[in-house]
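One structure is given below, encoded as structure tokens.
The values are calculated or read from the model by the stated rules, or taken from the named source; none is laboratory data. The structure displayed is predicted, hence computed values, not measured ones. Glycine also receives a Cβ, built like all others from the backbone with ideal geometry; neighbour counts cover every protein chain displayed. Ligands, DNA and RNA are excluded from the accessible area calculation, which covers all protein heavy atoms including side chains. Shrake-Rupley method; radii C 1.70, N 1.55, O 1.52, S 1.80 Å.
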Amino acid sequence: RNGGHLAFLGGVCAAGASLSFVFALSYLSVANVVFMLAAAPVFAAAGGWLLLRETLTRNTLVAMALVLLGIGIMSSTSLGTGRAIGFAFALSTTLCFAGLAVVSRIGGGTSMLPAGVWAGTINLLAMPLLFNDLAAVSVHDATLAIISGGVLTAGGATCFMIGARHVPAAVLPMLSLTE
């Protein structure tokens, strides 16, 4: 409740990014999906400029154009091999991740940590609808998934949301991509 509508919108963006990421990996290689994620700072910068009036330097604009050119070249190869659906999911991941960065910046001093709760809730509700055979997941794999999502991902998301108060929207996804 404390996060308000921005935390909910951030949660929708985060859930959209994570769900799209899973599906993108079903159709494209990890390298192709992660390469597409390189565009997240471009879209976050555009959103930050449009909605927050964050400034874009000439160097930033040139870098954005080069990133988009590279993605265009790579995506034409993906589309040519009949993997348009994978490209669409990877693009959705990228746009949702950029959206999360911008929404987190819009929140300013508002705690965006509740966005992580919203994202987890949305993902939890979506899983049975999107995946037919959840019962086939072993207890071992479910335990590892809980540890990964509940500790590693939650820790990273917490740092992301706290950092969003202090750095421009374009920088958030770029720092996240250093992993």
* Structure fact -> In deg cm²/dmol, rounded to the nearest 500, the helical mean residue ellipticity at 222 nm of the chain, built from -39500 (n - 2.57) for every DSSP H run of length 4 or more, is -24500 deg cm²/dmol
* To do: Order F23, F8, most accessible first, counting only protein heavy atoms with a 1.4 angstrom probe.
  => F8, F23
* Asked: Of the residues L91, L129, L100, which exhibits the maximal mean-square fluctuation in a Gaussian network model of the chain defined by a 10 Å Cα contact cut-off?
  -> L129
* Asked: How far is the Cα center of the range 112-176 from the Cα center of the range 27-42, in Å?
  -> 18
* Structure fact -> Of the candidates N123, G86, A169, the farthest towards the positive dipole end of the chain (Lys/Arg Cβ +1, Asp/Glu Cβ -1, centred on the Cα centre) is A169
* To do: Pick out which of M127, M64, M36 has the largest mean-square fluctuation in a Gaussian network model of the chain, springs linking Cα atoms closer than 10 Å.
  => M127
* Asked: What is the diffusion coefficient of the range 1-45 in µm²/s, taking the Kirkwood radius over Cα pairs and the Stokes-Einstein relation at 4 °C with a viscosity of 1.567 mPa s?
  -> 109
* To do: Please state the charge dipole magnitude for the chain, taken about the Cα centre, from unit charges on C-beta atoms (+1 on K and R, -1 on D and E), reported in debye and rounded to the nearest 20.
  => 460
